[in-house]
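The values are calculated or read from the model by the stated rules, or taken from the named source; none is laboratory data. On a predicted model such as this, the values are computed, not experimentally measured, just so you know. No Cβ is skipped: glycine too gets one built from the backbone with ideal geometry, and neighbour counts run over all protein chains shown.
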Amino acid sequence: MSTTPRLIRLSAAALGLGLSFATLAACGSSDPTASEGSKSGDTVVVGSFAFPESEILGEIYVQALEAKGVKAEKKFNIGPRQQTIPALRDGSINLIPEYNGNLLAYYNEKYTERTTEEVDGALGDAVAKDKLRVLDSAEAEDKDAYVVTRKTAEAEGLKTIGDLSKLVPFSLGANPQFGDLGYGIPGLEKVYGVKASDVKFKP
């Protein structure tokens with residue numbers, strides 16, 4: 001008889017892992033998510049990053065737009081911001097559901113803003129240089145976490161992210177971009193002292 005392992009979330013003390021959802025759109029005369037913002041016959045192209053959660057968010061936006069009578073088209077699984085930002089700029093897509101903290105980090109890795117209001121305030125100026133704009137943040141929030149089984153946590157005495165340094169080496173599974181993100185493997189070393197060389201990354 002097999003049982004499902006119980007998982008526990010390791011607490012974060014220094015990294016700002018809480019992210020609110022925002023919508024990044026190409027600049028125009030109107031809000032592409034508003035029914036009056038789409039001219040008769042126009043189609044709003046919604047993009048997504050190359051991972052399932054982003055595609056689900058994109059689908060939610062597409063269905064919400066269609067429910068308001070706006071013609072919407074999907075262009076999902078584009079890739080990281082190095083590809084989605086140019087797609088917004090050249091008109092390949094008109095909007096994409098975003099993560100405001102990560103988006104600000106893309107423009108300024110040393111940002112110090114933490115609350116949704118602070119981050120959104122800084123984002124306006126940050127994306128303006130690419131002739132983009134950020135629409136109002138959704139109330140939804142997404143939090144990344146490092147998760148291990150309860151058995152491993154109890155056996156190794158793991159309570160915080162920094163405790164991962166007790167596991168040398170250890171395997172970490174995450175999306176491909178996690179290896180380069182500030183709150184990913186680089187953040188483990190910079191903030192928690194967990195050496196990147198001790199992490200066996202499995203995208």
_Regarding the range 155-168, can at least one residue be identified that is hydrophobic (A, V, I, L, M, F, W, C) and part of a strand (DSSP E or B)?_
no
*Return a yes/no flag: does the range 166-177 have any residue that is modelled with pLDDT under 90, touching a Pro at 6+ places or on another chain (Cβ under 6 Å) and either loosely packed, with under 12 Cβ neighbours inside 10 Å or not β-branched (Val, Ile, Thr) (or both).*
yes
_Enumeration of residues in the range 119-154 that are among the basic types (Lys, Arg) and closer than 30 Å to residue 173 by Cα_ = 143, 150, 151
*Return yes or no: is residue 156 in contact with a Lys or Arg (Cβ under 8 Å, 6 or more places away or on another chain), of a type in the set (D, E, K, R) and modelled with pLDDT of 90 or more?*
yes
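Quick grid of which residues meet (1) at pLDDT 60 or above; (2) surrounded by 12 or more Cβ atoms within 10 Å (Cβ to Cβ); (3) outside any helix (DSSP H, G or I); (4) outside the structural domain of residue 190 (by TED's automatic domain parsing):
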{"site": "24", "(1), (2), (3), (4)": "yes, yes, yes, yes"}
{"site": "29", "(1), (2), (3), (4)": "no, no, yes, yes"}
{"site": "41", "(1), (2), (3), (4)": "no, no, yes, yes"}
{"site": "50", "(1), (2), (3), (4)": "yes, yes, yes, yes"}
{"site": "53", "(1), (2), (3), (4)": "yes, yes, no, yes"}
{"site": "57", "(1), (2), (3), (4)": "yes, yes, no, yes"}
{"site": "61", "(1), (2), (3), (4)": "yes, yes, no, yes"}
{"site": "65", "(1), (2), (3), (4)": "yes, yes, no, yes"}
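Of everything in the range 73-91 that's part of a loop (DSSP other than H, G, I, E, B) and at pLDDT 95 or above, which residue is surrounded by the fewest Cβ atoms within 10 Å (Cβ to Cβ)?
Here the answer is 77.
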_I'd like to check something: does the range 120-138 contain any residue that is over 22 Å from residue 85 (Cα atoms) and either free of Cβ contacts under 8 Å to residues at least 60 places away in the same chain or touching a Phe, Trp or Tyr at 6+ places or on another chain (Cβ under 8 Å) (or both)?_
no
